[in-house]
Every structure is written in structure tokens, then in C-alpha cells.
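The values are calculated or read from the model by the stated rules, or taken from the named source; none is laboratory data. Please read all numbers here as calculations on a predicted model, not as lab measurements. Because the Cβ atoms are built from the backbone with ideal geometry, glycine has one as well, and the counts that use them run over all protein chains shown. For the accessible areas, the whole protein counts, side chains as well, though only heavy atoms, and no ligand, DNA or RNA atoms are used. Shrake-Rupley method; radii C 1.70, N 1.55, O 1.52, S 1.80 Å.
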Amino acid sequence: MPVHKPFKLRPLQLGLLLGLASCSHALFANPALDEVEVNAQHEALSAASVRVAQEKLAQTAGGTAVVKAESFESGKSVTIKDMLDFTPGVFAQSRVNEEARLSIRGSGLSRTFHMRGIRLLQDGIPINLADGGSDFQDIDPLALQHVEVYKGANALQYGAASLGGAINFATPTGYTTPNSVVRLDAGSHGFARAQFKTGNVVGDWDYFASLSQLRSDGFRQFSGQKNTRLNANVGLKINPQLETRFYVIHGDMNQELPGNLTKAQLQTDPTQANEASAGSNSQRNFLITRVANKTTWISTAGVEYNTGLYAVDKNLYHPLSFGLIDQQTRDLGTFGNRIAQGELWNMRHDTTLGYNLVHGVTEARIFNHQQGQRISLRSFEDQKAHNVELYGESRLHVNSSLQWINGLQWAHATRAANDQFLSDGDGSYQRRYAQFSPKTGLLWQATENVQVFGNLSRAFEPPTFSETSPTRALEAQESSTFEVGSRGIANGVRWDISIYYSRLNNEFVSYQLNPLVPGLSAILNADDTVHQGVEIGLTGPLMGLSKEYALNWQLAYTFGRFRFDKDRVYGDAAIPGIPEQYLRAKLDYSHTQGWTVSPNIEYVPQGYFVDLQNTLVTDPYLLLGLNASYKFSDKLRVFVDARNLTNKVYAATTGVIVNSNGADSAQFAPGEGRSVYAGVEVKW
């Protein structure tokens, strides 16, 4: 694998950051504001704690979730699946190691690489590249405080109005991590990881930093990885109502790609690599640095203002069997919102107004190559993406138990490619997309512990550069969604249940031009499609146990049916790519002496289709796992995470093709076999 230079924060850059913070203090400090009481006196203003996040999401008229870091830190915790596997409605499966498929309510079904259809954020700052595509391997699960999941149009507060919604990865601040931690993990398939993180409050300043490195040989042949991640933020509370915070995220990610197998190969030896992928030295390596600033001010009238800037520098080295993708991406964006409380028609009226602006430039080259060594240039274009989003939300408190919530987003997107390789003709093009996306919903506090909600919304998703081309002028994907649900607690049992129905126009549907060439695909707009589903999350205690120990259970069930609707080619066929039913369940035994033991299952009761003609199907599977930990004290904890105890052979996810034509196509990504990981964590 190519070796990237390690990231270094030069003294000049550090000095500029500290200088900007000092200038902010001099310009904005106001002694009069120090006398004003602020609820967040001992919390960061610019970053939400778990408590604040839970309160905020509880006021959403739709499906949401807050996932605490403690729920996934007691295991291997490397992939997006490790973080969100017990969140109903979210489907996350590893293709290989941290390269994963992520979908919410059937978003991005055609995308069998990277991700689209979901707005990803870290501390409210966009992660997606300017064209909407995204990676998430640089998100370190061990550097998080919690994860917020907003399904569908429930993510409007971040300006997102896509089918899949948004996921916000929240990192700690010095206020929430006043200690230092060293963690060491090791286990099957040559896996080893080390992490150090620390945070504290020093006067008006607070800081948090996490540095980790991971290496693994991988479950399969030719699936090794080597990753280094840095996550850091520094905040300055200028006065009790004004705070600015600087962020630095850096990732050096290197991943071998073993490719997919046929079903017969999967059953015979799931550890083998695809011959073409290994033979061409297929890899996905990128070096990314993201810097940002976010400033929060709460006026004396209680109005909250948030604004920020961010910049992204990403270099991608991606040899595949059909060519070597070499990209350099530079994004620059700004965001802001105003959150206020007032009155309308003698009723409490909360409003949010905001904007997102981002401009990105990518130098996209494709080379002919020999096992990762560039031979000759085959394609080169400058890709420019520009997005403008304006949004607003109104929350009218009709009475003490009923809220009427309305929102509107206007989005304008430009995708332009300037062909720099003219020997095969000029393939330059430009596309523009714009639309209003409204939503309306009701949130009813039926009792002190029970909420009922419903909403109706529109969604809009322009294509990324991976979908567009000089010869394919795609329309933006649009959808209308109706959702009802409830959340609450009764007799110790918590529930969060949503039922939704979406009608889509122009859904992006993927097909491979040649099933023997991984990654070579094309996109078309489907006519009409339907996504509908049920999401059930339940947790509760088992009664009648000793005061010395507790036994709790948790269940996450996702049902999603995604189909064409009287399509001229596919009729009412299922849209392939993810299972119709997915269930995760576990028991958590905890003892006052520090022991925890958690047996768990992952269950896909029926296979799902791989091709649009619905002829090739995966097999159902049931996985058994066991997690155990022991806390010697508040300073020392050890854990063991055992997965796939029965060594079940199964496909974690698949490619998507038009028609297998009765053949056993190489579309199956093997899931990890039996594996055991252990770790130790020391705090001080």
C-alpha cells in the first residue's frame, strides 16, 4: 500500500488558531452578559451533551434515536455497523472491514460503493462531499460521545431533506471528558488497535483530543487495513452566552479490497479473494483533513445563533480491476441557523431559520495501471459541485400536549464537469437541480411518558458525480413520505416505533455494465417506486431479580419493503440490495461487582435479491455472539467480544446487477467468520 505522510499541525497553523480565538475574545467579550443566567453554564454551548441531545430528539415528530457511546465501546467497535446495529430502520453491513453499506429506509439502494442519500455530520458540521457522496471510515467510534439518528425528513434542522435523513456523530468536549484514557484492543485476523484520548477544562478553555491507530490482516485474503485517526476540538467560552470551537479531524485510511465472490465460492471458502480484485491490487486509500469552526451565541432575549465554516482536503488512491481512480477534492462550506422562541396567536411559537452553502472541486483522473502502478492517463476532468440550502421550521404549541410542526427547505445544486482529456472527445457537461421540500407534522404528548407523532414530507436528492455523465442527464430523485409512530415507557419497557410509506419518482437504480468487472456501473431514473416499512425498538428489564444484579433485554426490528410500481421493465419487482427483515436482540446481565455479560443474535429470516430481475438471491442466516466485560474500578476495565460463534457462512451484503441470467455472479461479500477480540481500558 502507498504510505501517506503523517499529519502534522505546524506551529504557524496552531498559532493562527489560537490567535483567532484570542481575537474573538477581544472583539466579542461583554462583561454585562456575565450577569445573565445560562442553563449551559457548565456545558459546551456549541456542542450538545447526551442529555441535551435526548431532549432535542424527544421533540421530533418522527423517527429518531440517540445512541450513547457506552453502548458500543465495550466491544470491538470499528465499523458503522458496530455503532448503529441496534437502531431500527438503519441497515449497516461491512463489505470488508470498515468499507460498509449504509442505508436508512432504503436510501441509496443502487450505491454499492461509498454512500449517498444520507446527510452525515460531525458535531453538526457536514461530512458529505459537496456532490452528496460520502465516506465514513474516518469517523472513529472510540472518539465519540453519542450518535444522533434522524430518519427521513426529521433531519430538517440540519437542512437535510433526503430520503435517508441524517446522522450526527457527536464528539466529547472538555466538559464531558475530564479525564485521560488509554485503550488497547487485539484479536482475530491480526487485529490490533491502540488509542489515547484526553479532555479537560482550563479556565475559559476546554479541549478534547483522540489519536488512534488500527491494523488488521482481515478475515479474507487480501483484506488488510492500516488506519490512523486524529479527532480534536478546542473551545473558548468567551462569556456565559458566547462560545467558539475549533475542530481538526484527520484520517489516513488504507484498505485492501478482496472483491465479491460467487455464491458457490462463498460456500466453499469465504476467506478467499476475488481473483481479479487481488490480481489488480485493488485498494481504497485516502488521506483526509477536515478543519472547522463553530460559534454559538445566545442573546439576552434567549435567541440562539449558530454559525460556522469548514474546509476539507481529501486525496483518494483507488486502484480497481478496470482502472486506477485518482482524485483530489477540496471543499469549502459555511452553515448557520437562528433558533428563537416567541408567540403566535397567543400560543408559544418556536422557529428555526438556517442555511448551508458548500462548494467543492475535484480533480478526477482514471489511469490504466499495473497492480496499482500508473501506466497511462485514461480520463481527467475537473468536477465542481455547488449547493445552496435555505430552510425554516415552525413549531406551534397548540396546547400543553400538542405541537404542530411545519418546515420548508429550498435547495439548489449544480454539477459541472470540465473535460481535461480531449483525445477521446469533449465530455464536459453541466446540470442544475432545484426544488422546494415542505413537511408538516404533529407531536402529541398523550401522557407524561407516552408520545404519538405523525408527519408528511417531501424529499429531494440531486445525483452525485458517480451517477452523472455526458450522456446521462439524470433527474433528481424525489419522494413523498407519510410516517406515524410512538415512543415512550410503561412498566419499565421503552419503545420507539415508526411506520412509514414513501412514493418515489426518479429513484436512482444501478446496474453493472459487466458483472465480471467490479465497480463498473451505470445509473438510470426509475419511473415510480415504493418504500414502506416498520421500525421497532424495544428495551426493558426482566423482573424479580436480585438487587445485586440486573438483566435487561433489547430488540431492534426493521421491516422494509422496496419495490418498483408497475414499472415498464421490472413490473412490481423488489429493488435488490438489502434484506426485507433484519433483527438484532440481546440480553444484558450486569452485577454490582463489575461484571457484564451480553449474549446477542443477528437474524435475517429470508434471503434478498441481488438483481433487478429477482433471479439471484442470498440465503437467510442467524449469528450468535457474546460480549463480556469486567470493571475492576472506575479506572480499569477489560472486555471480550466474541462474534459468529457458530462460524456461520453468510453474505453480509452484495452487489446489485440487472440480471444474473441464471448464472452465479460474483456479487456476494462474505461476512466475518468466528472471531474473538479483547481489550483493556485505563482511565486517570
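Go through region 251-292 and give me each residue that's part of a strand (DSSP E or B), open to solvent by 30 Å² or more (accessible area, probe 1.4 Å) and either under 24 Å from Ser660 (Cα atoms) or free of Cβ contacts under 8 Å to residues at least 60 places away in the same chain (or both). The one that is part of a strand (DSSP E or B), open to solvent by 30 Å² or more (accessible area, probe 1.4 Å) and either under 24 Å from Ser660 (Cα atoms) or free of Cβ contacts under 8 Å to residues at least 60 places away in the same chain (or both): Val291. Could you look through region 94-113, keep only residues that are among the β-branched types (Val, Ile, Thr) and crowded, with 24+ Cβ neighbours inside 10 Å, and pick out the one that is farthest from Thr654 (Cα to Cα)? Result: Ile104. Within region 65-78, residues that are aromatic (Phe, Trp, Tyr) reach partners that are in a helix (DSSP H, G or I) and open to solvent by 20 Å² or more (accessible area, probe 1.4 Å) with beta carbons closer than 6 Å, at six or more positions or on different chains, in the pairs Phe72/Asp82. Criterion applied to Gly360, Gly354, Gly342 was being of a type outside the set (S, T, N, Q), closer than 27 Å to Leu324 by Cβ and part of a strand (DSSP E or B), and the one residue passing it is Gly360. Residues in region 604-618 that are open to solvent by 10 Å² or more (accessible area, probe 1.4 Å) and in contact with a Leu (Cβ under 9 Å, 6 or more places away or on another chain): Pro605, Phe609. Considering region 618-684, the qualifying strands (runs of 3 or more DSSP E), each wholly inside and each with 2 or more residues that are under 25 Å from Gln581 (Cα atoms), run over 621-633, 636-643, 651-654, 668-670.
Scan region 369-384 and give yes if some residue there is in contact with a helix residue (DSSP H, G or I) (Cβ under 7 Å, 6 or more places away or on another chain) and touching a residue at least 60 places away in the same chain (Cβ under 8 Å), otherwise no. Among the residues of region 369-384, not one is in contact with a helix residue (DSSP H, G or I) (Cβ under 7 Å, 6 or more places away or on another chain) and touching a residue at least 60 places away in the same chain (Cβ under 8 Å), which makes the answer no. For region 243-250, check the following and say yes or no: at least one residue is touching a Pro at 6+ places or on another chain (Cβ under 7 Å), crowded, with 20+ Cβ neighbours inside 10 Å and assigned to a strand (DSSP E or B). Checking region 243-250: not a single residue is touching a Pro at 6+ places or on another chain (Cβ under 7 Å), crowded, with 20+ Cβ neighbours inside 10 Å and assigned to a strand (DSSP E or B). Looking at region 469-485, which of its residues are in contact (Cβ under 8 Å) with a residue 40 or more places away in the chain, out of contact with any helix residue (DSSP H, G or I) (no Cβ under 7 Å at 6 or more places or on another chain) and in a strand (DSSP E or B)? Hits for region 469-485 are Ser469, Arg472, Gln477, Glu478, Ser479, Gly485. Go through the residues of region 217-227 one by one and say whether even a single one is buried (at least 20 other Cβ atoms within 10 Å of the Cβ), more than 24 Å from Asn644 (Cβ to Cβ) and charged (D, E, K, R). The answer is no, given that none of the residues of region 217-227 is buried (at least 20 other Cβ atoms within 10 Å of the Cβ), more than 24 Å from Asn644 (Cβ to Cβ) and charged (D, E, K, R).
Report yes if some residue within region 382-390 is among the charged types (D, E, K, R) and either modelled with pLDDT under 95 or more than 30 Å from Tyr310 (Cα to Cα) (or both); otherwise report no. For region 382-390, residues among the charged types (D, E, K, R) and either modelled with pLDDT under 95 or more than 30 Å from Tyr310 (Cα to Cα) (or both): absent. Within region 304-350, the set of residues being among the β-branched types (Val, Ile, Thr) and closer than 19 Å to Tyr158 by Cβ comprises Thr307, Val312, Thr334, Ile339. Hey, can you tell me all the residues within region 80-91 that are over 13 Å from His146 (Cβ atoms) and either touching a residue at least 24 places away in the same chain (Cβ under 8 Å) or buried (at least 24 other Cβ atoms within 10 Å of the Cβ) (or both)? Selection gives Ile80, Asp82, Asp85, Phe86, Pro88, Gly89, Val90, Phe91.
In region 236-250, the residues that are within 14 Å of Ala170 (Cα to Cα) form Cβ pairs under 7 Å with partners that are surrounded by fewer than 22 Cβ atoms within 10 Å (Cβ to Cβ) and among the basic types (Lys, Arg), at six or more places apart or across chains, as follows: Ile249/Arg290. When Asn239 is tested against the conditions (1) open to solvent by less than 10 Å² (accessible area, probe 1.4 Å); (2) in contact with a Ser or Thr (Cβ under 9 Å, 6 or more places away or on another chain), the lone failure is (2). Among the residues making up region 400-458, those that are of a type in the set (Phe, Trp, Tyr), closer than 28 Å to Val361 by Cβ and either open to solvent by 30 Å² or more (accessible area, probe 1.4 Å) or not in a strand (DSSP E or B) (or both) are Trp410, Phe421, Phe436. Suppose we keep only residues that are in contact with a Ser or Thr (Cβ under 6 Å, 6 or more places away or on another chain) and within 30 Å of Thr177 (Cα to Cα) within region 644-684. Which one would you say is least open to solvent (accessible area, probe 1.4 Å)? Applying the filter and picking the extreme gives Val676. Scanning region 293-308 for residues that are touching an Asp or Glu at 6+ places or on another chain (Cβ under 9 Å) and open to solvent by less than 10 Å² (accessible area, probe 1.4 Å) yields a single hit, Thr296. Scan region 523-555 for residues that are surrounded by 15 or more Cβ atoms within 10 Å (Cβ to Cβ) and farther than 25 Å from Gln606 by Cβ and the total you get is 9. Does region 194-210 contain any residue that is part of a strand (DSSP E or B), under 23 Å from the mean Cα position of the chain (by Cα), surrounded by fewer than 21 Cβ atoms within 10 Å (Cβ to Cβ) and basic (Lys, Arg)? Looking for residues that are part of a strand (DSSP E or B), under 23 Å from the mean Cα position of the chain (by Cα), surrounded by fewer than 21 Cβ atoms within 10 Å (Cβ to Cβ) and basic (Lys, Arg), one finds none in region 194-210, hence no. In the set (1) in contact (Cβ under 8 Å) with a residue 60 or more places away in the chain; (2) within 20 Å of Gly75 (Cβ to Cβ); (3) open to solvent by 20 Å² or more (accessible area, probe 1.4 Å), Thr558 fails one condition alone, (2).
Would you check if Tyr603 is without any contact (Cβ under 8 Å) to a residue 40 or more places away in the chain and within 25 Å of the chain's Cα centre (by Cα)? In short, yes. Here Lys68 passes the criteria (1) surrounded by fewer than 19 Cβ atoms within 10 Å (Cβ to Cβ); (2) farther than 24 Å from Ser498 by Cβ except the one numbered (2).
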